[in-house]
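Note sheet for the following structure.
The values are calculated or read from the model by the stated rules, or taken from the named source; none is laboratory data. Note that the structure is predicted; figures quoted are calculated from it, not measured. Please note: Cβ atoms are built from the backbone with ideal geometry, for glycine as well, and neighbour counts cover all protein chains shown. All accessible areas refer to the heavy atoms of the entire protein, side chains included, with ligands and DNA or RNA removed. Shrake-Rupley method; radii C 1.70, N 1.55, O 1.52, S 1.80 Å.
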Number of protein chains: 2
Amino acid sequence: MHNEAGREIPLHIDGLGSLTPYHKKQVNGQYKNTERLKDRQQNPAKNKVIASIEAAIKATGLRDGMTISFHHHFRNGDYIVNMVIDKIAEMGIRDLVLAASSLTDIHAPLVKHVQNGVIRRIETSGLRGELAQAYSHGLMDIPVVINSHGGRARAIASGECPIDVAFLGVPSCDPYGNANGYSRGNAAASACGSLGYAKVDAQHANRVVMITDNLVPYPNVPFGIPESQVDYVVVVDCIGDPKGIVSGATRYTSNPKDLLIARYAADVIEASGYFLDGFSLQTGSGGASLATTRFLRDKMLAHNVKASFALGGITQQIVELHEEGLIHRLLDVQSFDLKAVESLKNNRFHHQIDAEYYASPDNEGCAAHQLDVVVLSALEIDLDFNVNVITGSDGVIRGASGGHCDTAAGASASIIVAPLIRGRMPTILDKVNTIITPGHTVDVLVTDQGIAVNPMRDDLLHNLKAAKLPVVTIEELKEKATRIVGNPEPIQWEDKIVGVVKYRDGSVIDVIRQVKNK
Amino acid sequence: MHNEAGREIPLHIDGLGSLTPYHKKQVNGQYKNTERLKDRQQNPAKNKVIASIEAAIKATGLRDGMTISFHHHFRNGDYIVNMVIDKIAEMGIRDLVLAASSLTDIHAPLVKHVQNGVIRRIETSGLRGELAQAYSHGLMDIPVVINSHGGRARAIASGECPIDVAFLGVPSCDPYGNANGYSRGNAAASACGSLGYAKVDAQHANRVVMITDNLVPYPNVPFGIPESQVDYVVVVDCIGDPKGIVSGATRYTSNPKDLLIARYAADVIEASGYFLDGFSLQTGSGGASLATTRFLRDKMLAHNVKASFALGGITQQIVELHEEGLIHRLLDVQSFDLKAVESLKNNRFHHQIDAEYYASPDNEGCAAHQLDVVVLSALEIDLDFNVNVITGSDGVIRGASGGHCDTAAGASASIIVAPLIRGRMPTILDKVNTIITPGHTVDVLVTDQGIAVNPMRDDLLHNLKAAKLPVVTIEELKEKATRIVGNPEPIQWEDKIVGVVKYRDGSVIDVIRQVKNK
């Protein structure tokens, strides 16, 4: 037959199979887009801007029973989740699965949306505030599923958690969808830096809606999320509260207990055997963890040891070490403060990575598996070194799984920093109330009252003792705490399961039950 | 039941379905990798380096009938394709589909591998030299499939062309697979700049093997290809001939005919109506196309017009305009010379993009669809404005589809630059021998003897006439050529189809037949 270019085309060729003849295609009544406009953002064929959240929801074809997703780079300053789900509720769409990378206090309005069936169930890494309270008190029908950051990326990339529509708030976006965590011109407005968690959603979701308050000229390059993954762009008045999105500067702790823990943690790293030129590290944004970075700096300078890379959530403290030449590369999945945002924008070797690259256990290899040392916090740790970072001492959900179990498993030495006693509660228990990270991946516990090494790690025990660090058994640390504050009264649980904690491979490592009302 | 963290876990929860209990996992006889080595590249659990090409081929599970892929960023300096396929042949694996992004003279050894059945058939964008001769003379059983760059990316991303194993040569790679088109330290060795075509293969292939002669410390950041997509890394003595990979500097033509065409092309752009502040452009690396950039520069300075972006294959000429502030952003799918490589490495707004982002017609929107103006070359053009860039005037394959039809369709004004006569052959024919780009996406033909506008584009015709440019009909241009060199003798074809030309959407726009031996 003749195709529409006038050529004689066979419909089948041996070895190639069936062939489709060429057809001319018209778009908007013409063969190509020939509009000629000074402001390309005004050219309807060259942009994806849609009038409103409601119009975007309609355009995506969102309907009852589907799965929607959000990222948590705006932390407690996020306006996006509530804005979108309020609108979905208003439109009468129901029975959705909400697959957020994390949720926090500002998302309290979700309580009503879960209870009235707009949201059937939630997957998240963290849960705090009223929503967490509602779950822990048994007010929801279906348990919340808690994922690690690596576990969520794995589930999305593998198709285990297929996302129908991702609604992604972004601090800058062009009309075709190239998006960034910082702005041109208006840098401080609602910058969040890395879009590491959102990148996974953009890549794998069936429909992707960008929501921004800062439409910038095409092309918004370099981009965190590319136009080729974006269906619609919605411009709103405000995507979030800058004060809640990032802190202006992360301050060092002046708490003497934290400083003592940090000093010990740096000593542990120095003595561990991993403190070699080219070592790698991840430290969190908690007080003791941040301060560890400071003490480590002195040791790096003294011994002329430089780190090959720092991973994970990046803070001002880590950026300063990078700029000083002490850490060669920064792999940033989440920027914790404005200094980190500025650095991501300006420092060539401060690189934005997605959560799959960061910590997925199932791809061809993630950066967490390259870690030598990670410093992690804990709400509770038990005699088997299992760690809880999700439920408080009252059994109520108030934390986040995050990258805790991912980096503990990946790092050659995982170091938990925690005070021996918090308020009147001991940190070490016979059994933690909820396991997030299994004990066999946890190597050292550093408290203000001494250091305990997982008995599986003879090598570390030997090294830390040789360095004359105050090493005791974890049982001894527990006894010390008990002598001061006694044994805590066990939490009273109902039978109802309100939360399911998934390990990074998707298996269930623990469940969270309803707390008894006192 | 109790999971291996000792917790009581239900195997089913209403609303969540069945659950998998957590199991501890051992890797290499231990629960985590705790090796402590100064040189992390020596740590077998933290690298993917495999001893040889042969070992990598075995590890990927490559077997008869599978599809393998390669990129063409090393152009005529590429050692990878021959190195790998010689080894595959030696190992007795047969009947493979070779899906290369492009092939050229250096790949002549493929002739024997297709003829002896190691390679069953080939998909590529370009074909030159002995391999092209062999196809055109009917020496192969199954026709070669010619794809455009956007069409190939679409086919791979959509699963229409599933790749079993991608073998990707890279100028720098760390032991975990983070790869780049340039080197640290050893910048000039075999740098190719952007890995735009290879990125698509790395993302979608089932198994990915990186082949490098420059193993650098982890993490090789920023990366063109991330570790999370890489299975194996092989270190070889030499991946290519630097002289064939990029030219040291792209020189401006001094050919007066090319300069005249370039001057007209710049005049056409200026008069087109698209020459507004913020316009966008793509120009190729051919003599007239490059020179167009130079003449355009004068006009941009004179009218204070700046381009928002330049797209595609990036040359020194485009980089210089970027560094001068005349082009805000560079979107680089392929770096044509060392200056472009250096710029990609050093200029923050010179951004590496993949071929899907560049030109795929089927994703959520590609950069080619944002183009205002593209300047393209042609071997032949016909009275319907159809363009041939694949077969020579003797009918033999000697070119590449490239991004020709992608950008012609995407750009608001596509401008073909070509001399009216090449040697003793006219460029304009009644019907081109092979259609790569359909005429309805081609807007203007600029020759040294005058300018023709596609009658579909009244608007352009009006504008160019108003600017007093030497506009005539394409029939008049053809007659002019005929008066000088007469009508060429038609090519004598056999019936046998030796090539199938796919349009960017995967449909067949033309076929190439065997040329008659004279």
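Using Cα pairs closer than 8 Å and at least 6 residues apart in sequence, work out the relative contact order for the stretch A:334-414, in percent.
Averaging sequence separation for qualifying contacts and normalising by length gives 27 percent for the stretch A:334-414.
Can you list which of the trypsin sites (Lys or Arg not before Pro) found in the stretch A:191-282 are DSSP loop residues with at most 13 other C-beta atoms within 10 Å?
The qualifying sites are A:ARG251.
How large a share of the accessible area of the stretch A:87-131, in percent, is made up of carbon and sulfur atoms when the probe is 1.4 Å and the other protein chains stay in place? Write down the numbers at each step before the final one.
On the way: 670 of 1480 Å².
The value for the stretch A:87-131 is 45 percent carbon and sulfur by accessible area.
Please report the net charge: other residues with Cβ closer than 15 Å to the Cβ of B:PRO419, K and R +1, D and E -1. The partial results should precede the final answer.
On the way: positive: B:LYS257, B:ARG263, B:ARG422, B:ARG424, B:LYS478, B:LYS480; negative: B:ASP258, B:GLU380, B:ASP448.
Taking every other residue near B:PRO419 into account, the sum is +3.
If you put +1 on each Lys and Arg Cβ and -1 on each Asp and Glu Cβ, how big is the dipole of the protein assembly as shown around its Cα centre, in Debye rounded to 20?
Its charge dipole is roughly 920 debye.
Work from the charge dipole of chain B (Cβ charges, +1 for Lys and Arg, -1 for Asp and Glu, about the Cα centre) and give the residue of B:ASN463, B:SER125, B:PRO226 farthest towards its positive end.
So the residue we want is B:PRO226.
Probe 1.4 Å, all protein chains in place: accessible area of A:ASP495 in Å², nearest 10?
Here the accessible area works out near 130 Å².
Using the heavy atoms of the protein chains and a 1.4 angstrom probe, tell me the accessible area per residue for the stretch B:319-368 in square angstrom. Mind showing how you got there, number by number?
Values: 1440 Å² over 50 residues.
Accessible area per residue: 29 Å².
Going through the stretch B:421-487, which trypsin sites (Lys or Arg not before Pro) have at most 15 other Cβ atoms within 10 Å and a DSSP loop state?
Those satisfying the criteria are B:ARG424, B:LYS431, B:LYS468.
For the stretch A:381-399, list residues with backbone N below 19 Å from a point placed 7 Å from the Cα of A:ASP105 toward its Cβ?
Inside the label zone: A:390-399.
Within the accessible area of the stretch A:235-325, what % is carbon and sulfur when the probe is 1.4 Å and the other protein chains stay in place?
Solvent-exposed carbon and sulfur of the stretch A:235-325 make up 48 percent of the total.
Measuring nothing but label to label, 7 Å from Cα along Cα→Cβ, what are B:GLU90's distances to the other copies in nm, shortest first?
6.9
Computed FRET efficiency, Cβ-Cβ of B:ASN487 and B:ASP277, R0 41 Å: what is it to the nearest 0.05?
For R0 = 41 Å, the calculated efficiency reads 0.35.
What is the minimum Cβ-to-axis distance for chain A, in whole Å, where the axis maps A onto B, and to which residue does it belong?
Nearest Cβ to the rotation axis, residue and whole-Å distance: A:ARG348, 4.
Take the alpha carbon atoms of the stretch B:42-193, find their radius of gyration, then divide it by 2.2 N^0.38 Å using N residues; give the quotient. Display every interim value, and only then the final one.
Numbers: Rg = 15.9 Å, N = 152, 2.2 N^0.38 = 14.8 Å.
Compactness ratio reported: 1.07.
Less than 12 Å Cβ to Cβ from B:GLY506, Lys/Arg counted +1 and Asp/Glu -1: what total charge do the surrounding residues give?
Summing Lys and Arg as +1 and Asp and Glu as -1 gives 0.
Across every pair of different alpha-carbon atoms, what Kirkwood hydrodynamic radius in Å does chain B reach?
It works out to 24.4 Å.
For a quick check: with amide H placed at 1.01 Å from N, whose amide H comes under 5 Å from A:VAL500's, ignoring anything fewer than 5 positions away on the same chain?
A:VAL144, A:VAL145, A:ILE146, A:ILE512
Interface size between chain B and chain A, please: total buried accessible area, 1.4 Å probe, rounded to the nearest 100 Å².
Adding both sides of the contact gives about 8100 Å².
Within a Cβ distance under 11 Å of A:GLY312, other residues only, what is the Lys/Arg minus Asp/Glu net charge? Write down the numbers at each step before the final one.
Details: positive: none; negative: A:ASP332, A:ASP406.
That sum, taken over residues with Cβ under 11 Å, equals -2.
Students sometimes get this wrong: rank A:GLU489, B:GLU8 by accessible area, probe 1.4 Å, all chains present, largest first.
Descending accessible area places them as A:GLU489, B:GLU8.
DSSP beta bridges in the stretch A:159-250, what fraction antiparallel, as a percent rounded to 5?
On the way: 3 of 14 bridges.
Around 20 percent antiparallel, to the nearest 5.
In nm, to one decimal, how far is the B:THR20 label point from the B:ALA467 one, both placed 7 Å along Cα→Cβ?
Using points 7 Å along Cα→Cβ, the separation is 6.2 nm.
Gap in Å between the Cα centre of the stretch B:286-302 and the Cα centre of the stretch B:119-143?
36 Å
Roughly how compact is the protein assembly as shown, stated as its Cα Rg over 2.2 N^0.38 Å to two decimals?
Relative to the rule-of-thumb radius for its length, the protein assembly as shown sits at 1.00.
Can you tell me, using C-alpha contacts under 8 Å and at least 6 residues apart, the relative contact order of chain A as a whole percent? Display every interim value, and only then the final one.
Numbers: 1263 pairs, mean separation 75.3, N = 518.
Over chain A, the number comes to 15 percent.
Count neighbours as other Cβ atoms within 10 Å of each site's Cβ, and list the GluC sites (Glu not before Pro) in the stretch A:449-492 that are DSSP loop with at most 11 such neighbours.
Loop-located and lightly packed - none at all.
Give me a comma-separated list of calculated 3J(HN,Hα) values for the stretch B:134-144, in order, Karplus coefficients 6.51, -1.76, 1.60 applied at θ = phi - 60°, integers in Hz, x for any Gly or Pro.
Those phi angles translate into 4, 4, 5, 9, x, 7, 10, 6, 10, x, 6 Hz.
Per residue, how many Å² of accessible area does the stretch B:62-169 show with a 1.4 Å probe?
Averaged over the residues of the stretch B:62-169, the accessible area is 29 Å².
Rounded to the nearest 10 Å², what accessible area does B:TRP493 show when all protein chains are kept and the probe is 1.4 Å?
Counting only protein heavy atoms, B:TRP493 exposes about 70 Å² to solvent.
Please report the antiparallel percentage of DSSP beta bridges with both residues in the protein assembly as shown, rounded to the nearest 5.
In the protein assembly as shown, DSSP labels about 30 percent of beta bridges as antiparallel.
Go through the stretch B:343-357 and flag every residue whose accessible area shrinks by 30 Å² or more with all protein chains in place compared to the isolated chain (probe 1.4 Å).
In the stretch B:343-357, residues shielded by partner chains: B:LYS345, B:ARG348, B:HIS351, B:TYR357.
Relative to the other copies, what are the label-point distances for B:PRO490, with labels 7 Å from Cα along the C-beta vector, expressed in nm at one decimal and sorted shortest first?
Label-point distances to the other copies, shortest first: 9.5 nm.
Select from the stretch B:408-441 all residues whose loss of accessible area on going from the chain by itself to the full protein assembly reaches 50 Å² or more (probe 1.4 Å).
Output list: B:HIS440.
In what sequence, largest accessible area first, do B:ASP201, B:ASP64, A:ASP277 appear using a 1.4 Å probe?
Most to least solvent-accessible, the answer reads B:ASP64, A:ASP277, B:ASP201.
Mind listing the long-range amide H neighbours of A:ARG398? Cut-off is under 5 Å, sequence gap 5 or more, other chains count too, H placed in the peptide plane at 1.01 Å from N.
A:THR391, A:GLY392
Just tell me which aspartates and glutamates come within less than 12 Å, Cα to Cα, of B:LYS480; anything on the same chain fewer than 8 places away is out.
Straight-line reach from B:LYS480, under 12 Å: B:ASP448.
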